[in-house]
Amino acid sequence: MKILVINAGSSSLKYQLIDMDGEVLLAKGLCERIGIDGKFTYKPQVEGKAKKDAVDVAMPSHGEAIQTVLEALADPVNGVVKSMDEIDAVGHRVVHGGRAFTESCLINAERKEAIKKCFPLAPLHNPANLLGIEACEKVMPGKPQVAVFDTAFHMTMPAAAYIYAIPYAYYEDDDVRRYGFHGTSHRYVSARCRELLGNPEHSKIISCHLGNGSSLAAVVDGKVVDTTMGLGPLAGVPMGTRCGDIDATILEYLMGQHGYDMKEMMNILNKKSGVLGISGVSSDFRDLEAAAKEGNERAQLALDKFHYEVKKDIGAYAAAMGGVDAIVFTAGVGENGAGNRAAICAGLEYLGVKICPDCNAQRADEHLISTDDSPVKVFVIATNEELMIARDTKEIVSK
Ligand code: ADP
């Protein structure tokens, strides 16, 4: 079975074609500047096929983008399938499933309406995700389409974890609660971690997805009991450009001091804050490390703040779960940032975390970075959200 995985943004669209027999990646790439001019990148993973790198292709809408992807995949010379008919189903990343979606599902008219109802909860993402779905329906009529939600894995949280301490009516009437994001990534790495632990009957895992956007999840026996992001992806630890948890009073105060309206204020908190905001240097952790090494104190402060908040949440989740068996690091910073991992874990010895510096310095898609006698196992596991989406799609269309 061959599955096309689509992650549609407002002006971009990432894709992967995966052969589920052996879970082999056949091709991946992206469409950019959709609705502007159009740039197309195609990276076949099959020997002897030529790639395309940001070539000009007119893409007035997501429909032309999907059409371009299909033509490349089935191209007689550089394609990886003989025809579009070889693609059995499409799996779509959908960011917000609201309270309606607790798991992945086959897309139909009613479920598209439910995805639309979540637009106000994720105004930047869900409309774009639906555009991707509707473009596929148009270009590939009759192909089964599956939605995989970023929020779904977190829907097992107990009420005490997801409720906000504001009037209860806002939960009942307006769906205000903690939802959490990166769920597909947390699900992939925590499941893989359980396997690496030898599939114990009980497990307490803290999954740290640290990238441009970052979140942690506490996972007991495969079910999320808490996560750091909230109603939206602005909450939790500080990120590349997002502020993470802050005192709501700051909004009122700064809006009064500077005359910002809500849109300007939110733009500052989303785009100009986080480690970029503190350092004034960059949102990229590599740049921050380089600047800190040269003596830039604010770059060091930004890193210290990030490490401190991640460490604090690890402690909080150990408390929430009554212990911890394993910690997993994933995503750009989690997978590659050995210095960041070391700084986060420093001081967690009381919790049973003993890092092996040599193991931590090594690079691999999956490896143990704690010592053999460390009571808490610490892993680096490369995330693979696309594979998770493809697996769900396969399972659902096979039913
Ligand atoms: P996104 O959240 O956009 O998917 P990624 O998971 O790709 O982002 O993470 C991007 C981040 O990973 C960047 O901020 C980059 O600084 C960081 N990163 C990549 N390689 C390294 C490295 N070797 N050391 C530290 N950070 C790194």
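What follows is calculated from the coordinates using simple rules that are stated; it is not laboratory data. The structure presented is a predicted model; accordingly, all values stated were derived computationally and were not measured. So basically every Cβ, Gly included, is an ideal-geometry build from the backbone, and we count neighbours across all protein chains shown.
Annotations for the structure displayed:
- Candidate cross-link partners of K271 among the lysines, defined by an alpha-carbon separation under 18 Å and a same-chain spacing of 8 or more, comprise K263, K305.
- Computed lengthening from S10 to A316, 0.36 nm per intervening residue step minus Cα-Cα distance: 106.6 nm
- Reachable aspartates and glutamates from K39, criterion Cα separation under 18 angstrom, eight or more residues apart if same chain: D53, D56, E64, E71, D75
- A cysteine counts as unpartnered when no other cysteine's C-beta lies under 4.7 Å of its own; in the chain this applies to C31, C105, C118, C136, C193, C208, C243, C345.
- Extending 7 Å from Cα along the Cβ direction at E195 and again at D358 yields two label points whose distance is 2.8 nm.
- Net length gained if the chain between M84 and R99 were fully extended (0.36 nm per residue, minus Cα distance): 1.9 nm
- About its Cα centre, the chain has a charge dipole of approximately 200 debye under the convention of +1 per Lys or Arg Cβ and -1 per Asp or Glu Cβ, with nothing else charged.
- Based on C-alpha pairs under 8 angstrom that are at least 6 apart in sequence, the chain has a relative contact order of 14 percent.
- Sequence ranges 225-236, 193-204, 140-151, 311-322, ranked by mean other-Cβ count within 10 angstrom, highest first: 225-236, 140-151, 311-322, 193-204
- ³J(HN,Hα), Karplus 6.51/-1.76/1.60, whole Hz, each residue of the range 234-246, x for Gly, Pro: 8, 8, x, 6, x, 10, x, 10, 9, 6, x, 5, 9
- Positive-end ranking of N270, L231, G259 along the dipole of the range 231-274, with charges on Cβ about the Cα centre, is headed by N270.
- Within the straight-line cut-off of under 21 Å between alpha carbons, the lysines reachable from K204 are K223, K311, K312, K354, K377, sequence neighbours fewer than 8 places apart in one chain being disregarded.
- Hull-based mean projected area of the range 19-60, where the convex hull spans the alpha carbons, in square nanometres: 3.4
- Largest-first principal axis extents, alpha carbons of the range 88-186, Å: 46, 25, 21
- Mean Cα-pair separation over length for the range 279-380, i.e. relative contact order, pairs under 8 Å, 6 or more apart, %: 21
- Interchain or long-range residues, amide H under 5 Å from V328's placed H: I206, S207, C208, F379
- Equivalent ellipsoid semi-axes - Cα gyration tensor, the range 159-268, angstrom: 32, 17, 9
- Note on M262 and A346: with the Förster distance fixed at 30 Å, the Cβ-Cβ geometry gives a FRET efficiency of about 0.15.
- Length gained on full extension, E113 to H367, computed as 0.36 nm times the residue gap minus the Cα-Cα distance: 87.2 nm.
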